[in-house]
Amino acid sequence: MTAQRVLIAYGTKNGATAGIAEWIAEELREQGLDTDVRSAASVRDIAAYDAVVLGGGLYAGRWQRDATSFARRHREALAQRPVWLFSSGPLDASASERDIPPARGVSRIADRLDARDHVTFGGSLTEGAQGFIARQILKQGKGGDFRDHEQIRAWAHGIATRLSGSAQPADHG
Ligand SMILES: Cc1cc2nc3c(=O)[nH]c(=O)nc-3n(C[C@H](O)[C@H](O)[C@H](O)COP(=O)(O)O)c2cc1C
């Protein structure tokens, strides 16, 4: 049987969300899924994928816009596939300690796409980040890397379990 093919698409400004996407991919590949990781802006067509994981960095309560545009652009195709969503945001340990509900706009996207799940992971903001506010946060000593590798891998493991137990992959022609 051909492996299920999974796309992980991310919208990032400073790279934290891309890193999370890579960790999710590592877990899915270890579980035998054929997995691509791509910047959301670079994906033209998702027809070849059986499932999609979409993540965005949070900026003032919204996803970085490449993630939002991806959801809009591929809305019809996404609605026909299992979709999982994640956000990368809080610059403290809160996301490791409790469930943080999606921001309002992200929640709307989750409803529209009938997403299987959404999770908020801790974010990261470190030296070299772009933007005035980012530099201010760093100057105040409030940056850091709060991405929880174990939590991310465990979430990805759940996706792999669901996909491995599901129907045959689509015919990619
Ligand atoms: C200007 C700015 C606004 C932010 N707004 C939020 C926010 O509304 N909610 C949140 O949880 N994190 C917020 N953060 C933290 C980022 O979401 C976090 O650094 C995230 O991991 C960034 O992802 P990226 O590097 O992939 O762009 C903000 C950071 C900056 C610099």
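The values are calculated or read from the model by the stated rules, or taken from the named source; none is laboratory data. Computed from a prediction, not measured in an experiment: that's the story for all the values here. Counting neighbours? That spans all protein chains shown, and the Cβs are built from the backbone with ideal geometry, glycine included. With ligands, DNA and RNA removed, areas are computed over all heavy atoms of the protein, side chains included. Shrake-Rupley method; radii C 1.70, N 1.55, O 1.52, S 1.80 Å.
Quick one: which residues, 5+ away or cross-chain, put their amide H under 5 Å from the amide H of Val53? H built at 1.01 Å from N.
Close amide H contacts, sequence-distant or interchain: Leu7, Ile8, Ala9, Trp84.
Counting only other residues whose beta carbon sits under 15 Å from that of Ala16, what net charge do I get with K and R as +1, D and E as -1?
It works out to a net charge of -3.
Taking only protein heavy atoms into account and a 1.4 Å probe, give the accessible area per residue of the chain in Å². List each step's numbers first, then the result.
Numbers: 9140 Å² over 173 residues.
Heavy-atom accessible area per residue stands at 53 Å².
May I have the convex hull volume per residue, in Å³, for the Cα set of the chain?
Given the Cα convex hull of the chain, per-residue volume reads 106 Å³.
Counting Lys and Arg as +1 and Asp and Glu as -1, each charge on the Cβ, what is the dipole of the chain about the Cα centre in debye, to the nearest 20?
780 debye
Of Thr2, Ala16, Gln140, which is farthest along the charge dipole of the chain in the positive direction, counting Lys and Arg as +1 and Asp and Glu as -1 at C-beta?
Gln140
Compute the label zone of Gln136 within the stretch 32-74: residues whose backbone N is under 11 Å from the point 7 Å along Cα-to-Cβ.
none
Compute the distance in nm between two label points, each set 7 Å from the Cα along the Cα-to-Cβ direction, one at Arg162 and one at Ala48.
So the label points at Arg162 and Ala48 sit 2.4 nm apart.
If you stretched the chain out fully between Ser69 and Gln151, how much longer would it get, using 0.36 nm times the residue separation minus the C-alpha to C-alpha distance?
Separation in residues times 0.36 nm, less the Cα-Cα distance, equals 26.8 nm.
With a cut-off of at most 14 other beta carbons within 10 Å, and DSSP calling the residue loop, which trypsin sites (Lys or Arg not before Pro) in the stretch 53-145 qualify? Please list them.
Sparse-neighbourhood loop trypsin sites (Lys or Arg not before Pro): Arg98, Lys142.
Using a 7 Å offset from the Cα along the Cα-to-Cβ direction at both Glu22 and Thr126, what is the distance between the two label points in nm, to one decimal?
Placing both labels 7 Å along Cα→Cβ, they lie 1.0 nm apart.
Compute a Gaussian network model of the chain, connecting alpha carbons closer than 10 Å, and tell me which residue from Leu163, Leu58, Leu138 fluctuates the most.
For the chain, modelled as a Gaussian network with Cα springs under 10 Å, the answer is Leu138.
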